[in-house]
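Undergrad: My structure is below; once you've seen it, I'll send some questions.
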Amino acid sequence: MEKGRPPGPWHEAYEPIEDADTEAFVFQSLEKAKQQFGEPVIPVNEIIFRRSRKTEAARRYRIGEDFSLTQCIDPTNGVFVIYIGVDPDHENYYPLLGHECAHLINAHITDWYMEGIATVFSEEVCADAGKGWGSWDRHFSRSRKDPYALSYRMMKGLKETFPEQYPALLAFATQNGKRPPWLQINMDDWLETLPDGRENEALDIIEPNVKVLRRQVNDQYGFVVPAALD
């Protein structure tokens, strides 16, 4: 297999998803994301859907498959690509789509807070659309080691406890210090917006997850531990 990447735009190496139900679900979910978190940092004018499986022409290239990702490929014109790691008939297809929709609000935030926010959002929009949540409900409710499960329960707890302040979390994104323009949420700044005397409630929700999520910090995901827990 060749080591290089295929010529042309990266997304062209993957199979297109041409499905009216997919498009309808994503654009309905995007409207819900706007209502909850505000307008996307980069206005979304076009979304290209790809199943992250190599096309026949790209088979000889050594590139990844079966991943899910939201990528802005043209910030000037608001063009995004959503890659999905399973087929449309898979039980987790719509849960993954819902998760990726949340990333359209700010595709540059790559940390465990954002992953949890996106997973909570997925649960909500799947329920609103009458879509099952696949195997996610059981897994994310029970796993004690999966960082996605921990981040989901952490952010769901914060949303239930602080419903008014929760949507503002995305406004406290700062550069992660490693890979501009990638961002991570500064939880200390958000904690300062909470009503007087209630910061400890938020810290109690975050603290049980710090040990595992801190170990999962890498080039892909950041995690700013609140100063009171560091």
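The values are calculated or read from the model by the stated rules, or taken from the named source; none is laboratory data. If you're wondering where the values come from, they're calculated on a predicted model, not measured in any experiment. Please note: Cβ atoms are built from the backbone with ideal geometry, for glycine as well, and neighbour counts cover all protein chains shown.
Undergrad: Could you list, in sequence order, all residues of the stretch 131-174 that are among the charged types (D, E, K, R), closer than 23 Å to residue 32 by Cβ and surrounded by 13 or more Cβ atoms within 10 Å (Cβ to Cβ)? Please lay out each step first, then the result.
TA: Of all residues in the stretch 131-174, those among the charged types (D, E, K, R) come to 131, 137-138, 142, 144-146, 153, 156, 159-160, 164.
With closer than 23 Å to residue 32 by Cβ added as a condition, the list becomes 131, 137, 153, 156, 159-160, 164.
If the condition is that a residue be among the charged types (D, E, K, R), closer than 23 Å to residue 32 by Cβ and surrounded by 13 or more Cβ atoms within 10 Å (Cβ to Cβ), then 131, 137, 153, 156, 159 are the ones that fit.
Undergrad: If I go through the stretch 50-72 residue by residue, how many of them are part of a strand (DSSP E or B) and closer than 22 Å to residue 98 by Cα? Let's see the steps before the verdict.
TA: The first filter runs over the stretch 50-72 and keeps only residues part of a strand (DSSP E or B), leaving 50-54, 61, 69-72.
Those left that are additionally closer than 22 Å to residue 98 by Cα: 50-53, 69-72.
Result for the stretch 50-72: 8.
Undergrad: Scan the stretch 147-182 for residues that are under 16 Å from residue 216 (Cα atoms) and at pLDDT below 95 and jot them down.
TA: Correct list: 176, 178.
Undergrad: Mind listing just one residue for me: the one in the stretch 4-40 that is buried (at least 17 other Cβ atoms within 10 Å of the Cβ) and of a type in the set (A, V, I, L, M, F, W, C) and, of those, nearest to residue 128 (Cα to Cα)?
TA: 25
Undergrad: Which of the following residues is out of contact with any His (no Cβ under 7 Å at 6 or more places or on another chain), farther than 22 Å from residue 28 by Cβ and not in a helix (DSSP H, G or I): 196, 188?
TA: Details: 188 fails: not in a helix (DSSP H, G or I).
The match here is 196.
Undergrad: Somewhere in the stretch 52-61, is a residue under 30 Å from residue 167 (Cα atoms), out of contact with any Pro (no Cβ under 8 Å at 6 or more places or on another chain) and in contact (Cβ under 8 Å) with a residue 40 or more places away in the chain?
TA: Checked the stretch 52-61: no residue is under 30 Å from residue 167 (Cα atoms), out of contact with any Pro (no Cβ under 8 Å at 6 or more places or on another chain) and in contact (Cβ under 8 Å) with a residue 40 or more places away in the chain.
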